[in-house]
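*Asks:* Questions regarding the structure given below will be posed in turn.
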Amino acid sequence: MAELTLAGALNSTLKEQMRKDDRIVVLGEDVGRRGGVFLVTEGLLEEFGPERVIDTPLSEAAIFGVAAGMAIYGLKPIAEVQFFDFAFGGFDQIVSQIAKLRYRTGGQFKAPVIIRGPVAGGIRGGMFHSQHPETYYVHTAGLKVIVPAFPYDAKGLLISALKQEDPVIFMEPKSIYRTIKQEVPDGEFTVPIGKANVLKEGDDVTVISYGAMVHRSLEAAEEAEKEKISVEVIDLRTLMPFDIETILNSVKKTGRVVIVHEAPKTLGFGAEIAAQLAEKALLYLEAPIMRVTGQDTPFPLANEHYYLPTLKRIKNTILKVVNF
Amino acid sequence: MSELYQILDEEGVVNKQLISKINLSNEQMLEMYKHMLIVRILDGWLMRLQRMGRAAIHAPNEGQEAIAVGVAHASEKQDYFFPTYRDLGLMIVRGASIREILNRWLANSQDPLKGHEFAIYGGRKYNIVPTTTPVSVHLAAATGFAHAAKIRKDNLVVFAFLGDGGTSKGDFHESINWAGVFRLPIVYVCQNNQYAISLPVKRQTASETISIKAVAYGIRGMRVDGNDILAVYSATKEARESARNGMPVLMECVTYRLGSHTTSDDPSRYRTQEEVEQMRKKEPLRRFKNYLISNGILSEKEEQELRKEIEKEIEDEVKIAVSVPPLPVQTIFEDVYSDMPWHLKEEMDLVVKEFEEDHQS
């Protein structure tokens with residue numbers, strides 16, 4: 001057991017898993033000698049050599065497509081995208097090839113590729129180093145989408161991703177790569193894909209979030225508790241599939257919902273949760289479902305504090321639905 | 001690199017010096033001719049089945065049969081193929097039955113692709129990975145497959161097919177660039193059939209040839225008469241050897257699409273019938289047949305019998321295929337994931353219920 005950051009947990013998990021399974025290869029820009037721009041792949045090249053830790057040409061379409069071909073062959077490729085903002089150059093590979101291969105071949109071929117890399121704002125990265133583009137992938141049938149918020153979950157979910165047969169989009173909130181530490185057991189354990197985590201139980205309102213905003217939601221919950229509001233906080237952890245059961249159980253109890261995410265509001269993941277709740281739990285609701293999200297603009301360089309969900313905004317929204 | 005490699009000229013007259021390098025028995029050559037003939041005749045049937053409203057679409061192979069058939073004959077058993085949507089010959093050479101192909105086209109309950117997509121060519125047992133319809137997207141996976149084979153030190157070569165239009169896509173350039181950097185065992189077979197739907201090849205590139213593009217990526221370029229099956233066969237053998245030894249190849253096969261782009265296309269809108277008739281004189285079956293007959297390998301009578309035999313078999317198979325029941329509606333939801341998530345189950349239940357209501361008698 002060691003106390004690890006999210007980046008550290010991912011790094012040690014990659015090493016542990018690569019030692020166990022020589023079919024795992026890591027490929028991407030600067031993943032080898034540089035160890036990745038956030039050092040998630042640090043030390044891999046030295047230990048596993050250039051055949052399994054591949055510094056690639058600067059070519060997202062080829063990175064994803066090549067990973068697909070490797071997966072068809074029977075390897076377990078983990079492709080790093082340097083920032084998810086850069087993945088659009090290879091989007092066709094993800095949407096037309098990787099996501100649909102199993103379906104269009106009637107299950108004869110599969111491409112269980114893991115595409116992992118940083119998402120999220122809060123690092124003064126500007127519009128091409130800060131986006132949270134999960135919705136595109138959730139909307140694409142055939143992909144599983146994971147966004148861990150804790151080092152323990154990052155490890156357990158990455159191992160789950162490696163153990164199953166579907167392509168996975170694995171989004172790592174870069175703003176919390178090194179800001180939080182947690183005890184993470186050595187060796188193998190899994191966190192199931194599709195299972196949310198109730199981080200804090202409460203009775204008055206349910207706050208649903210994922211990624212870095214989980215931590216801000218927890219802070220907001222603490223603030224609200226000072227005003228005698230009992231807040232339940234759910235970390236979704238995986239968005240496709242997502243854990244409707246945990247959400248419904250909580251909402252049936254609290255009757256009030258606030259959804260918090262960094263991605264823009266319109267058709268963001270919160271819209272899907274709200275729609276599902278409208279279909280499945282309308283009569284349990286005591287107040288409108290509210291969303292606290294990033295703005296429907298490109299991600300700005302200046303004033304990003306106000307672009308992203310603020311602690312104040314989350315807390316005020318909690319108060320608003322509780323006092324409705 | 002811009003010189004066209006040819007063994008049989010348009011009349012089927014052989015270049016004696018070049019053919020002496022090819023090690024092909026008469027039986028093999030007859031098999032190659034038979035496979036081309038099956039493709040030609042089956043192709044016509046697939047067009048008809050679409051016109052009859054039985055099949056959704058077909059991309060005809062007429063005029064290009066020598067390429068897929070020639071490449072497949074020159075390959076080794078362990079090799080892998082990433083074809084386009086116009087490479088019926090690969091399936092035939094690799095042993096797919098006419099019945100299976102018809103079931104795919106009709107998307108019936110025997111369709112191994114479960115009606116999830118048009119009848120794209122492929123199958124695990126044939127070492128053929130079905131393509132994506134968006135052009136050239138599959139080239140990166142082909143490249144990755146070759147990369148994996150190299151990592152695992154497995155002795156195989158990947159043949160990745162594309163058209164002239166596909167060379168304008170970034171995926172093509174990113175793929176061949178990668179193959180060059182990592183010296184992968186892969187041959188990119190570009191079927192330059194002169195048109196990408198309506199647009200002539202000069203609207204795709206200002207390069208003198210397609211094969212010359214190999215130079216910029218540090219891989220080997222070859223330019224072959226794609227209507228000459230012996231040239232395709234021989235060039236493929238050479239390309240395969242090169243790729244296996246770490247020099248990937250871009251093999252341009254110059255051909256001409258005699259038919260439409262697909263059953264939804266009307267070529268009279270962009271080219272003249274005179275042009276097509278002129279090009280028909282160069283088509284691959286006629287010239288190979290002339291060669292086989294003039295060298296006493298096949299007689300006119302035997303050829304007629306072979307044709308009839310194939311016609312008959314396909315006709316019989318069509319009768320069977322059209323009576324195969326349709327796919328059950330729940331197959332819409334199969335193979336999206338390795339397991340079925342709750343939301344798909346929910347959607348499936350509603351669709352199945354609706355289907356059952358609609359089909360209550």
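What follows draws every value from the coordinates through simple rules; no lab data is involved. Since this is a predicted model, take the numbers as computed values, not measurements. With ideal geometry, Cβ positions are generated from the backbone for all residues, glycine too; neighbour counts draw on all protein chains shown.
*Asks:* Of the listed peptides A:92-101, A:283-292, what is their order by residue-averaged count of other C-beta atoms within 10 Å, with the highest listed first?
*Replies:* My ranking of the peptides, most packed first, is A:92-101, A:283-292.
*Asks:* Let me ask something else about it. What does the average come to when, for each residue of peptide B:175-185, you count the partner chain Cβ atoms lying within 10 Å of its Cβ?
*Replies:* Mean partner-chain Cβ count within 10 Å for B:175-185: 3.
*Asks:* What nm value, rounded to one decimal, do you get for the distance between residue B:9 and residue A:286 when each label is placed 7 Å out toward the C-beta?
*Replies:* Spacing of the two 7 Å Cα→Cβ label points: 9.3 nm.
*Asks:* Straight-line reach only, C-alpha to C-alpha below 20 angstrom: list the aspartates and glutamates that residue B:169 could link to, leaving out same-chain residues fewer than 8 apart.
*Replies:* Result set, ordered by chain and number: A:60, A:92, B:87, B:208, B:252.
*Asks:* What full-extension length gain, to one decimal in nm, is calculated for residue B:155 and residue B:76 as 0.36 nm per residue of separation minus the Cα-Cα distance?
*Replies:* In short, 27.5 nm is gained.
*Asks:* Restricting to lysines 8 or more places apart or on different chains, can you count the pairs in region B:286-361 with Cα atoms under 25 Å from each other?
*Replies:* Lysine pair count for region B:286-361: 6.
*Asks:* Given region A:44-182, what count of lysine pairs have C-alpha atoms under 16 Å apart, with each pair 8 or more places apart or on different chains?
*Replies:* Within region A:44-182, the lysine pair count is 11.
*Asks:* Here's something else I'd like to know. For a quick check: with amide H placed at 1.01 Å from N, whose amide H comes under 5 Å from residue A:291's, ignoring anything fewer than 5 positions away on the same chain?
*Replies:* A:259
*Asks:* Using mean Cβ contacts within 10 Å as the protection proxy, how do A:18-28, A:232-242 order, highest first?
*Replies:* A:232-242, A:18-28
*Asks:* I would also like to ask the following. Counting each DSSP H run of 4 or more residues in chain A as -39500 (n - 2.57), what helix-only mean residue ellipticity at 222 nm follows after dividing by all residues, to the nearest 500 deg cm²/dmol?
*Replies:* -10000 deg cm²/dmol
*Asks:* Something else about it: Rounded to the nearest 20 debye, what is the charge dipole size of region B:51-130 about its Cα centre when +1 sits on each Lys and Arg Cβ and -1 on each Asp and Glu Cβ?
*Replies:* The calculated dipole for region B:51-130 is roughly 280 debye.
*Asks:* One-quarter of the Cα convex hull surface for the protein assembly as shown, in nm²?
*Replies:* Result: a mean projected hull area of 33.3 nm².
*Asks:* Now for a different question. Work out the mean other chain Cβ neighbour count within 10 Å for the residues of B:338-345 and drop it here as an integer.
*Replies:* Neighbouring Cβ atoms belonging to other protein chains average 5 per residue here.
*Asks:* Run through region B:14-79 and list the GluC sites (Glu not before Pro) located in a DSSP loop whose Cβ has at most 16 other Cβ atoms within 10 Å.
*Replies:* When the GluC sites (Glu not before Pro) of region B:14-79 are filtered for loop state and at most 16 Cβ neighbours within 10 Å, B:76 remain.
*Asks:* Now for a different question. Can you run phi through the Karplus equation (6.51, -1.76, 1.60; θ = phi - 60°) for region B:322-330 and list ³J(HN,Hα) in whole Hz, with x for Gly and Pro?
*Replies:* With the stated coefficients, region B:322-330 comes to 5, 9, 6, x, x, 6, x, 5, 5 Hz.
*Asks:* Compute the long axis of helix A:311-322 from its Cα atoms, compare it with the longest principal axis of the Cα atoms of chain A, and write down the angle in degrees, 0 to 90, nearest 10.
*Replies:* So the inclination is approximately 50 degrees.
*Asks:* Let me ask another. Across peptide B:121-128, what mean number of C-beta atoms from other chains lies inside 10 Å of a residue's C-beta?
*Replies:* For peptide B:121-128, the averaged partner shielding equals 2.
*Asks:* Shifting gears a bit: Two decimals, Cα atoms only, Kirkwood Rh: what is Rg/Rh over region A:76-216?
*Replies:* The Rg/Rh ratio comes out at 0.98.
*Asks:* Related question: What's the magnitude of the charge dipole for chain A around its Cα centre, counting Lys and Arg as +1 and Asp and Glu as -1 at the beta-carbon? Answer in Debye, nearest 20.
*Replies:* Rounded to the nearest 20 debye, it is 440 debye.
*Asks:* Mind pulling the angle between the C-alpha long axis of helix A:6-20 and the longest principal axis of chain A? Nearest 10 degrees, somewhere in 0 to 90.
*Replies:* Here the helix axis deviates by roughly 40 degrees.
*Asks:* Next question, about the same structure. Hey, which aspartates and glutamates would be in cross-link range of residue B:153, C-alpha to C-alpha under 13 Å, not counting anything within fewer than 8 residues on its own chain?
*Replies:* Here the aspartates and glutamates satisfying the reach criterion relative to residue B:153 are A:51.
*Asks:* Quick one: how many lysine pairs does region A:197-322 have with C-alpha atoms less than 22 Å apart and a gap of 8 or more or different chains? Give me the count, please.
*Replies:* Close lysine pairs found across region A:197-322: 27.
*Asks:* Can I ask one more? Can you tell me which of B:148, B:66, B:214 moves the most in a GNM of chain B? Springs connect C-alpha atoms under 10 Å apart.
*Replies:* B:148
*Asks:* Give me the distance in nm between label points sitting 7 Å out from Cα along the Cα-to-Cβ direction at residue A:227 and residue B:357, one decimal.
*Replies:* Modelled inter-label distance: 4.7 nm.
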